[in-house]
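Presented below is the structure to which this report refers.
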Amino acid sequence: MSAPATTPSAPAPAGGEPRLAHAFADALPELAVPWQAAPAPAPRLLVLDDALAVDLGLDPTWLRSPEGVHFLTGGLVPDGATPVAQVYAGHQFGGYSPRLGDGRALLLGELTTPAGEVRDLHLKGSGRTPLSRGGDGLAAVGPMLREHVISSAMHALGVPTTQALAVVATGRDVQREVVLPGAVLARTASSHLRVGSFQYARATGDTALLRRLADVAIARHHPQAAQAGSPADQAKALLDAVIAAQADLVAQWVLLGFVHGVMNTDNTTISGETIDYGPCAFVDAYDPAASFSSIDHQGRYAYGAQPGVLEWNLARFAEALLPLLVEEQDDDEGSSDRAVAIATESLGAYRPRFAAAWRAGTRRKLGLAAVAGHDDEVDGMVTDLLRLAQTDHVDHTGLHRRLADAARAGSSAPARDLFLDREGFDAWAARWLPLAPDAAAMDAVNPVYVPRNHLVEEALAAATGGDLAPLERLVDVVTHPYVERPGWERYAEPAPDAFGPYTTFCGT
Ligand code: AMP
Ligand code: MG
């Protein structure tokens, strides 16, 4: 197998412009349209994640300078960099779009961090591209700050995710239902390869391109797959690795009460990172049917539907890989059946992998990770607790912190008031407490603070009006999710009834 070009970039010169490699553009020119960002008329830095900048080997002081801000909107392209719009396809709500791609985004290039990791640096809201279709290529301040808040929270919660490095107001108005201030988000990701990238490559009919894409994905994300033997074995190993990474990811979402909201195949990464913070939200009340997106009328991407939808998306990934799953010289009549059999076997690992990750996670959340045996008993306990929580609309995040208090007290009392059916909860606790749940271990995995929908909206409204203080405070809270802070109780509470049903929007 040929090694893909991953030209390492030198460390950033202190105070100067970053060095950006163009390995993706070089290795996969068919998926890369060289392009330039639209100029930002009056760029103003709204947020910069200093710690992330340092992790990336970037100088926060320089990024805050006029030159740095110019760089963060794509106006200053460092010498040797080749920004590109990436081309991909995707199933959106089950319908196939053969050509999507970066309609309002650009891959500036790859950075090599001081720790030696390769990270994409990417802009969102940077203007029209040849892939914009009917869109304006722009993004508004509110949604870009929303991605900053929620992806920062996810990172702090230990969920693999793209990260927001900066949000810059462009000084350009964006026409939505109303006129909104425009912004560019600079985000980093371990890459922007997605299931839709493979669907696009497969649809070209160019198996050599598909092979090159697989090789890039293996080298970048799943290098152990390169040791798997023949090229066909390596492709299967890639499929297996993506299935495993994504199964683990969606288990984390479900354990935390996160609803992605737009799990199209173009938003399912090869790395196993969460991407595309459009209509996402955390549930307050535990409810598998919870769905917030204004366009998800059928609940296709509802909270409890996510593991099933991911399996569907992974089946699309497996389909895209089919030509690689058998050796080229074995291209006889039965080869496509053999490829399907191989893909089917790999996909069969998804449900057990998800179930194992979810089961292990529920045990940790209930403080029972170190309790040996009792497997069936604990499974039943988890099911019964979730049923009680669903029936009584119990706050998912709050419940698990109160349960740790109950474990500490050795009594159901600290949590029972969350339930209408208090006797039902007491009976449940009488099964759970004798297993001696570990309260400290629970506090280490059950967050006190998640980005509550009403607080996100409050902070974004203030920020859009020019006051960034509530947003900064919210980011501070949700990036320290496990440590309870006296005086910050309102950040731990679900939305008041007056907030009403919550609706989120994609592509805004
Ligand atoms: P998303 O829902 O963010 O995954 O976007 C789906 C597709 O629509 C991607 O190809 C985006 O680049 C494109 N898109 C979303 N918003 C815009 C916009 N305002 N202008 C152009 N393309 C857009
Ligand atoms: Mg997307």
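The values are calculated or read from the model by the stated rules, or taken from the named source; none is laboratory data. Predicted model only: the values in this text are computed from it and were never measured. All Cβ positions, even for glycine, are placed from backbone atoms using ideal geometry, and neighbour counts span all protein chains on display. Calculation scope for accessible area: heavy atoms of the full protein, side chains included, ligands and nucleic acids excluded. Shrake-Rupley method; radii C 1.70, N 1.55, O 1.52, S 1.80 Å.
For this structure, a couple of remarks:
- Long hydrophobic helices in the chain, taken as whole DSSP H segments with a C-alpha length of 27 Å or more on their own axis and mean Kyte-Doolittle hydropathy at least -1.0: 231-256.
- Reference-scaled alpha-carbon Rg (2.2 N^0.38 Å with N residues) for region 366-508: 1.20
- Rh (Kirkwood; distinct C-alpha pairs) - region 195-354, Å: 16.3
- Summed residue charge, Cβ within 14 Å of Gly361's Cβ, Lys/Arg positive, Asp/Glu negative: +3
- Here is the size of the chain from its Cα atoms: Rg then Dmax, 23.3, 70 Å.
- Carbon + sulfur, % of accessible area of the chain - ligands and nucleic acids excluded, 1.4 Å: 55
- Net charge of the neighbourhood of Asp59, taken over other residues with C-beta under 13 Å away and scored Lys/Arg +1, Asp/Glu -1, is -2.
- If you plug the beta carbon distance of Leu468 and Val178 into 1/(1 + (r/R0)^6) with R0 = 22 Å, you get a FRET efficiency near 0.60.
- Positive end of the dipole of the chain (Cβ unit charges, origin at the Cα centre): among Trp253, Leu76, Ala156, the Cα lying farthest that way belongs to Leu76.
- Projecting the Cα positions of Ala439, Ala462, Val378 onto the charge dipole of region 366-508 (unit charges on Cβ atoms of Lys, Arg, Asp and Glu, taken about the Cα centre) puts Ala462 furthest along the positive direction.
- Largest accessible area first, the residues Arg364, Arg402 order themselves as Arg364, Arg402 under a 1.4 Å probe with ligands, DNA and RNA left out.
- What the chain shows is 39 Å² of accessible area per residue, with the surface traced by a 1.4 Å probe over protein heavy atoms.
- Region 195-354 - charge dipole about Cα centre, Lys and Arg +1 at Cβ, Asp and Glu -1, debye rounded to 20: 380
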